[in-house]
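Here's the structure we're looking at; comments come further down.
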Amino acid sequence: MTSLDYKGQDENFIERLEEIVLANLENENFSVEELARTYGASRSQLYRKLKRIKGQSVSQFIRGLRLREALKMLRKDVATISEIAYKVGFSSTSYFTTCFHERYGYPPGKAKHRTTLEATTKTSFPTAIEGPIHSKKGTVLFKNPWIIAVVLIALLLAGFFTIKGYKSVENEREVSIAVLPLDHLSEDTSQEYLTAGIHDALIGELGTIKGLRVISRISTLQFKDKELPIRAIAKQLGADHLVEGSLFYKGDSIRMQLQLIDVFPEEKHIWAKDYHNNVNDILSVQNTAIQDIANSIEVTLDEEKKERFQLQQNTNPETYKAYLRGMYYLTKSNAEDFQKGLDYLHRAVEIDPADPLAYAGLAEGYALLGHGPDPMNAPWRRGKAAALKALDLDPNSAKAHSALAMIQLYYERDWKAAERSFAIAEKLNPNLPYNHYHYSWYLILLGKWEEAIKEHQLAKQLDPLAPLITSDMGLLHLWMGNHEKAMKEVREALEIDKEYAPAWGTLGDIYIAKGMAQEGISAIEKAIEINPAALYQLGIAYAKTGNKDKALEIASKLRKGGVSSREAFGLTVIYAHLGDFDKAFKWLSKKPLDVFAPWLRVWNGPEDFKKEARFKQFLKELDLPPLEPSAT
């Protein structure tokens, strides 16, 4: 597409907006939302596009048109100032007068005496030489044809090598892209799961393309409905290219509009495309879009990927819709919606037991459920069965391999098998942030701290706005004794989500490690206020800071009723810090073992506790791989 095509698209866009505003000129209640709805785009999309083309917000654009039309009427003296104000949608004459004066520099009453139709500000671009060269020597030089020729050749050669060098650097750079949340433009809100599902699927499939770094869904969701310029969004996400768009459903038809934007070194719209099809052909729509995006940013789809797209065309549309609905609910934050997500995935399996997608989704869901504070064994077992079934049907399912790795790491504690599954998932899709995240914690277990930092950093690059990843990067630095780096990461996590309880807990641990006990206790109390299940952390904090009575008081509360595996883990650490090793080992022996328990191996707890024969026996039973020599 040429720059003229871009210009034509922008002009058509502005003309259409002007038509809509002018048709509603006298309606004082005509709003940004009304303009967006009539045009068929979201408020945030209109904002970004207008900001790029005209440097205005949507409300500024509407007000500017009202004032432009008012100026025309005033010039023609068609009515009084008050009547014209109402004709262009201002309910207050005084407010109209203020806005008019701010825009044109004079009051409405003087408009008919002015000779210009509208005061406009034009941007002037300086030429290479804006004035005469006063130096006589300089004048002589530029009159000598031989010197001019030599200078031109030198400039051309310098330009050639600069461009060649620039291109070689560019080719070596990793290409990064973010797909912003798609706007759901249909009135039927029950179909929102399809819009969210296709957004997730675009990210997932792009992530399997070699040489492309794809920002995760969780980070891009931070910009849903936010009126920020494209460059600001791209900078926060660390992306060179952005995709934004919308989906519209009507009856059995689906229409997806996408725009591909090249952000750096300067913002440029590569293309805007419409994809129409029957709603039962959603996969065809998204796969066509993925191929268009890949071709435009010059990354190559290998034959295996193209063949995979062909196989996906055979997916039962009802299965795929149930799968999308299931994954949509799994991302919700409450237990009821999570269970609803699992139910939809089971329904997808019932519709077509031979489709691997739903099994991979179930594996991921059960692996997440098993990672909770009291999972027992059922979620892990079900997750493994789903993962193995998904891999039986599709050995190249990266999500299934990654879910299996989680199960092997946290439940089965089959360390070598987990390492293999992480590696396979990484090879199939290097853009799964949580594959890097969990692999990082496997490396920590082996004492490979620097490698763990690198993997965690990769996870953060792919999901820069996920509070879990950023907060746990702080926890990793804390365990390594890097208090300032730990503090920086945790504060960053709290900027992303000030109600993220684990970040407050880690902040408290950092303060305590720095000898700031009261600040640490206050931060952990904030974590408990958000998530009462974090009570055990306060008991640990009191035990570490020498407040035995309060630590025992909390231990007593944790022992009441059925003690969860997470609470048993908390009691182990509380009693270890209080020096009551018998009680510590009593709770450490409680089954099922909490998912965090193996990491006591690298925990910086009391050395006397870790020297105990019972602790060494505990590690022996885990059959852990050898520690790195530097970690022992």
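The values are calculated or read from the model by the stated rules, or taken from the named source; none is laboratory data. The model shown is predicted, which means the values in this text are computed figures rather than measured ones. Glycine gets a Cβ as well: all are built from the backbone with ideal geometry, and neighbour counts include every protein chain shown. Note: areas computed on protein heavy atoms with side chains; ligands, DNA, RNA excluded. Shrake-Rupley method; radii C 1.70, N 1.55, O 1.52, S 1.80 Å.
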### Message
Could you work out the percent of alpha carbon pairs in the range 1-111 separated by over 19 Å, rounded to a whole number?
### Response
48
### Message
Out of all Cα-Cα pairs in the range 446-579, roughly what percent, to the nearest whole number, are more than 24 Å apart?
### Response
31
## Note on the structure
For the LYS620, GLN236 Cβ pair and Förster radius 30 Å, calculated FRET efficiency rounded to 0.05 is 0.05
### Summary
Binned at 10 Å from zero, the C-alpha pair distances of the range 321-369 give percents of 33, 57, 10
### Task
Would you mind computing Rg(Cα) / (2.2 N^0.38 Å) for the range 403-452, counting N as its residues?
1.03
### Segment SER284-ASP392, extension gain: residue separation times 0.36 nm, minus the distance between their alpha carbons
36.5 nm
### Task
Ignoring everything but the protein chains, give the 1.4 Å probe accessible area of SER589 in square angstrom, nearest 10.
70
### Query
Full extension from ALA613 to ILE530: what is 0.36 nm times the residue separation minus their Cα-Cα distance, to one decimal in nm?
26.0 nm
### Task
Starting from the exponent 0.38 and prefactor 2.2 Å, build the expected Rg for the range 368-442 from its residue count and divide its actual Cα Rg by it.
1.01
### Query
Which residues' amide hydrogens lie under 5 Å from the amide hydrogen of ASN277, considering only partners 5 or more residues apart or on another chain, with H built in the peptide plane?
ILE254
### Summary
Label model pair SER31, GLU336: point-to-point distance (7 angstrom along the Cα→beta-carbon line) in nm is 2.8
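Return the equivalent ellipsoid semi-axes of the chain as a descending list in whole Å, where each equals the square root of 5 times an eigenvalue of the C-alpha gyration tensor.
For the chain, the ellipsoid semi-axes come out as 54, 31, 30 Å.
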### Query
Give or take rounding to whole Å, what are the principal axis extents of the alpha carbon atoms in the range 500-543, in descending order?
25, 19, 12
#### Entry: Solvent-accessible area per residue, Å², over the chain with all protein chains present [probe radius 1.4 Å]
50
### Task
Could you rank the peptides 217-223, 15-21, 605-611 by their average count of other C-beta atoms within 10 Å per residue, with the highest value first?
217-223, 15-21, 605-611
#### Entry: Pairwise FRET efficiency - LYS268 versus TYR86, Cβ, R0 = 45 Å, nearest 0.05
0.60
### Summary
Here the tail fraction of P(r) beyond 20 Å, over all Cα-Cα pairs of the range 177-328, rounds in percent to 47
### Gain upon complete extension [ILE14, SER59; 0.36 nm per residue less C-alpha separation]
14.8 nm
### Query
In nm, to one decimal, how far is the modelled label at THR315 from the one at GLU174, with both set 7 Å along Cα→Cβ?
2.6
### Query
Setting aside same-chain residues fewer than 8 positions from LYS526, which lysines have a Cα under 20 Å from its Cα?
LYS488, LYS498, LYS514, LYS544, LYS550, LYS557
### Query
Relative contact order (percent) for the chain, with alpha-carbon contacts under 8 angstrom and 6 or more residues of separation?
8
### Query
For the range 180-261, what Kirkwood radius comes out of the mean inverse Cα-Cα distance, in Å?
13.5
### Task
On the protein heavy atoms, probe 1.4 angstrom, tell me the percent of accessible surface of the chain carried by carbon and sulfur.
52
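What is the projected area of the convex hull of the Cα atoms of the range 211-259, averaged over all directions, in nm²?
Over all viewing directions, the range 211-259 projects a mean Cα-hull area of 4.7 nm².
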